[in-house]
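Since the structure comes first, as structure tokens, the remarks are kept for the end.
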Amino acid sequence: MSKKHKYVVRLPDGNQATRTSPRTYTHAIAVKDARGWGILGYAGNLDLANKAFNRAGKIMAKHRLIPADSSDYKHRWTEIRMIAVDAHAVTEPKPAKAEPVKPEIPKPVMRDERISFGIKWFLTEEDAQAYAKAHSGATYNGGWFHGMSCGRDKSWDMEVKLCHHERNEIDRSIPVGSKLYAVTD
């Protein structure tokens, strides 16, 4: 998407009219009626501005026929001007979109693969819950448990034993006797 620009037009009575648009404008057509000065339209080049000015002149000539005591009299234009738009349009920066914060998914300290599913173990219950939440929706196919949903499963929680260290199944920095929390996937 293109950048938006803020355009400023100084009206003959000293007031300013502004417009914010991604388009490029060079001229504005200003009209005066009983309420004061206002902008009829904007144009992107001199040719388009001349066309708009001439069209406004035809409309003004047509409305001069409205009697002064008519209710439409207050909307009758009394003057038309073509005004150059401020050439130094201020480019407004686009507001920054807030990037969604993705939660960090914990890494398991130990894993095991079965015929129909995998098990991952974590050091804390919170890590196991976070991992299960991030990977929800899967099911595993396994005989009696056909179609059981994956996720946090306390039946697979375990304690670290010496044999886990001997078989290099787990990092040796995790002490023997520590509880691990299971998630199936």
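The values are calculated or read from the model by the stated rules, or taken from the named source; none is laboratory data. Fair warning: this is a prediction, and the values are worked out from it, not measured in the lab. Note that we place each Cβ from the backbone using ideal geometry, even for glycine, and neighbour counts take in every protein chain shown.
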Within the stretch 1-49, which residues are out of contact with any helix residue (DSSP H, G or I) (no Cβ under 8 Å at 6 or more places or on another chain), β-branched (V, I, T) and either without any contact (Cβ under 8 Å) to a residue 60 or more places away in the chain or within 11 Å of I83 (Cβ to Cβ) (or both)?
V8, V9, T18, T24, I39
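Enumerate the strands (runs of 3 or more DSSP E) found wholly within the stretch 1-59, keeping only those where 3 or more residues are buried (at least 17 other Cβ atoms within 10 Å of the Cβ).
5-10, 27-33, 36-43
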So which residues in the stretch 63-81 are loosely packed, with under 13 Cβ neighbours inside 10 Å, at pLDDT 70 or above and outside any strand (DSSP E or B)?
T78
